[in-house]
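What follows is a set of notes on a single structure, which appears directly below.
The values are calculated or read from the model by the stated rules, or taken from the named source; none is laboratory data. Predicted model only: the values in this text are computed from it and were never measured. Cβ atoms come from the backbone with ideal geometry, glycine included; neighbour counts cover every protein chain shown.
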Amino acid sequence: MVKSSKGLRRRSRGILSKSPRERGMPPVARIIREFQEGESVSIRIEPSIRNGAPHIRFQGRTGRIVGRQGRSYKILISDGGKEKVILSEAVHLMKAK
């Protein structure tokens, strides 16, 4: 019997795929973008960049920036009634509407 994969990106074909016109690397402006503390952001994982990506279960969640840690931002998210702090680089974040 074949053993199924247990990697971080398993079962993510639909979630982490881009449309044909979006394929490739994102613009540099999206990579070097900066956020302020207290700003509301939503997590949108950029599939072409693996560094600093949060876990796939947080895709689409909205949180608040509470600080920085190196190149990454600390994001406070409510997950199942608990407050969690997630680390993510700027390329995987968007300003919440």
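For the reader, a short list of remarks on this structure follows.
- Among the numbered conditions (1) closer than 20 Å to A96 by Cβ; (2) modelled with pLDDT under 95, the only one that R44 does not meet is (2).
- Selection within region 1-48 - of a type in the set (D, E, K, R) and touching a helix residue (DSSP H, G or I) at 6+ places or on another chain (Cβ under 6 Å): R30, R33, E46
- Strands (runs of 3 or more DSSP E) fully within region 20-97 that include at least 1 residues being exposed (fewer than 11 other Cβ atoms within 10 Å of the Cβ) and in contact (Cβ under 8 Å) with a residue 24 or more places away in the chain: 93-95.
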